[in-house]
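Quick notes on the structure that follows.
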Amino acid sequence: MDFLVPATALAGLEAAAQGGEAAALAELAWQLRQRDSRRALALCEQVLAMASLTPSLQARLALSRCEIAALQGRLDEAETQLAQARRSGGGATLEGDALLAEAVVAKARGQRERELGAYARAAACHARGPDPRRQAIARAWLAYEQSFATPADADAPAAEPAAAAFADAALALPLSRRDPARAAALFLRAADAARHWGLLRHALVCTINAGTALQGLGEFDRAAACYDQATLESRAAGWPALIGACETRLGALLKEIGRLDEALVLLGDALASLAGVPPGINKANACAELAQTLLALGRGVEAVGPMTEAIAMYRAVRSTDNLTVNLLGLARALSAAGQVDVAQAALDEAEQLIARHGFNALVVGVQEALTEIHRRHPHLAPPPGLVLPNATLHHGEATLAEGLKIVGWKAPASLHVALAEDWAAAGDMGRAYGHARQALALKDGETERMRLSQTPAALRRGAVPQGAGATAAERLLSPKEREVLVLVARGYANKEIATALAVSDETVKSHLKKIYAKLEAGSRKHAVTRARALGVIGVAG
């Protein structure tokens, strides 16, 4: 049984499973374990009800159920299924696959040492087996996971096509902090490859990471599209860690475009989604974004706690780039809390990591933090070689200069506003007016990006709450009907909607029939127009 098959092979597996033989049904379940977890579980149950299953078939079914349970957050069940698979035996191939399944369980538990060890042993195990594809995938997977701590620099193409999903992502990780535009392209390419080979979890992570890189460049509409896709797929799969990750990134996007109160609520939702998930990268991200939002709201003292918690988790999972970003945030939070010496220590560690790993794009964050620290504490010693009127202007202009070195970077209007105010306070009205004009020009573009960024929050919620607090327009459609209509508004065909929501074509048609009746609409376009007029969906959705 292949570890992975391309999407083009699924039709053949479906046809073989029509005969109802246990082996064919089990193989289909194995290949659907991430593509369609719910259906895969149903197939497993169907096979388990049959008599006289071979030990190897029982082991394969247990591994399918193990991986699905881990992704759905049922971790004790995942461990039980893993142990059952190993008791069934099956040689080097099955043991190597069991180690890869163990790595999935370990990741879900936040057990980083166990996870990396399982990948390393899987690669060694498959090296002794008869399947070179499995060996290549295991090695690429291990290299990708190791790249969080030790960024990969090689740009050699993966010899095994299925391994390319990990090779591209491993290369993209450090580029996120050096060349975000190229990183986004690599992450999207990795996501496409992962979907083709049935690695949906990896595809969603890469899609989210692509959105994060694009957001860092100010490409809010493209970032929103990435979050849209990841949100729909993670909700359809029912994977709490990925749902929480999507909510975190949507909250970060709302924070970025200035909708701070909404961001705070959404990040609270993300932490609630992750409540049953052990400490790890997703929970760390949610804590970090919550802290950054509190900072933006002027609540820096409150930000110290969640930022410190996030940094501890980043250290535990050896996520070097995220650690660096959040040391910068911690420096800002500690500065707001009046702990300047500790803030400087966090900033010094961040600068050391940037120099060690070449995270050149994060130099912007260093200058931003120094600007804020000197603005809050003007009595601090000025930087060496100061030629501008004060340290705040020195670091503020350096923020702009460092950002412009990054391909595709767009200065936020808020940076020009701050520089305009600082130059005005220094008495240089010419420079103040120059920055003010640039801020006004950028504000127009950011207003448009804010409009385009309405969609993700709507998709995250599926619908506005249907209780007494909702308006009549919001109660008009069910959550699922509203999800369907949002996708209709984005130009999706029925089959694309069915795929995105993990339902059948007939279900989509049924939803549309109800939508037309409720909105008194005679066509797709008419339904979208009516929904927007009633406020059921946003202008961009």
Worksheet, complete the sentence: Cβ pairs under 9 Å, 6+ apart or interchain, first in the stretch 277-296 and closer than 12 Å to Y314 by Cα, second surrounded by fewer than 24 Cβ atoms within 10 Å (Cβ to Cβ) and acidic (D, E), ordered by first then second residue, are P279/E309; K283/E309; A284/E309; C287/E309; A288/E309
Worksheet, complete the sentence: Apart from one, (1) modelled with pLDDT under 95; (2) in a helix (DSSP H, G or I) all hold for L393; the odd one out is (1)
Practice prompt. Given the conditions (1) modelled with pLDDT under 90; (2) touching an Asp or Glu at 6+ places or on another chain (Cβ under 6 Å); (3) not aliphatic (A, V, I, L, M), report the number of the one that T399 does not fulfil.
Written response: (1)
Discussion item. Against the definition (modelled with pLDDT of 95 or more and either among the aromatic types (F, W, Y) or buried (at least 18 other Cβ atoms within 10 Å of the Cβ) (or both)), how does A83 come out, yes or no?
Written reply: no
Discussion item. Given the criteria touching a residue at least 24 places away in the same chain (Cβ under 8 Å), outside the structural domain of K107 (by TED's automatic domain parsing), buried (at least 22 other Cβ atoms within 10 Å of the Cβ) and of a type in the set (K, R), does R177 qualify?
Written reply: yes
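Of all residues being assigned to a helix (DSSP H, G or I) and charged (D, E, K, R) in the stretch 16-64, which is farthest from T499 (Cα to Cα)? Just the residue, please. Spell out how you get there, then give the answer.
Just the residues of the stretch 16-64 that are assigned to a helix (DSSP H, G or I), to begin with: 16-17, 22-31, 37-48, 55-64.
Now drop any that are not charged (D, E, K, R), which leaves 27, 38-39, 45, 60.
Working: E27: 21, R38: 14, R39: 14, E45: 23, R60: 26 Å.
Only one residue tops the list, namely R60.
In the stretch 393-410, which residues are within 26 Å of Q215 (Cβ to Cβ) and free of Cβ contacts under 8 Å to residues at least 60 places away in the same chain? Steps first, please.
Initially, the stretch 393-410 is screened for residues within 26 Å of Q215 (Cβ to Cβ), giving 395-410.
Correct list: H395, G396, E397, A398, T399, L400, A401, E402, G403, L404, K405.
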Worksheet item: Does the stretch 107-122 hold any residues that are crowded, with 22+ Cβ neighbours inside 10 Å and without any contact (Cβ under 8 Å) to a residue 40 or more places away in the chain, and which are they?
Response: E115, A118, Y119, A122
Practice prompt. Residue by residue through the stretch 1-49, note down the ones that are buried (at least 22 other Cβ atoms within 10 Å of the Cβ) and over 30 Å from the mean Cα position of the chain (by Cα).
Written response: L25, A26, V47
Item to complete: Quick one: in the stretch 123-138, of everything that is charged (D, E, K, R) and surrounded by fewer than 22 Cβ atoms within 10 Å (Cβ to Cβ), which residue is farthest from A162 (Cα to Cα)?
Response: R128
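What helices (runs of 4 or more DSSP H) completely inside the stretch 238-305 contain at least 2 residues that are of a type in the set (G, A, S) and touching a Gly at 6+ places or on another chain (Cβ under 8 Å)? Quick ask: steps written out before the conclusion?
On the way: elements: 240-256, 260-273, 281-296.
It comes to 260-273, 281-296.
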Worksheet item: How many residues are closer than 21 Å to G329 by Cα, surrounded by 14 or more Cβ atoms within 10 Å (Cβ to Cβ) and of a type outside the set (S, T, Y) if we restrict to the stretch 381-393?
Response: 2
Worksheet item: Would a scan of the stretch 218-228 turn up a residue that is surrounded by fewer than 24 Cβ atoms within 10 Å (Cβ to Cβ), among the hydroxyl-bearing types (S, T, Y) and part of a helix (DSSP H, G or I)?
Response: no
Discussion item. Looking for something at pLDDT 90 or above, assigned to a helix (DSSP H, G or I) and in contact with a His (Cβ under 8 Å, 6 or more places away or on another chain) - is there at least one such residue anywhere in the stretch 423-435?
Written reply: yes
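The values are calculated or read from the model by the stated rules, or taken from the named source; none is laboratory data. It should be emphasised that the depicted structure is a prediction, and the values quoted were computed from it without experimental measurement. With ideal geometry, Cβ positions are generated from the backbone for all residues, glycine too; neighbour counts draw on all protein chains shown.
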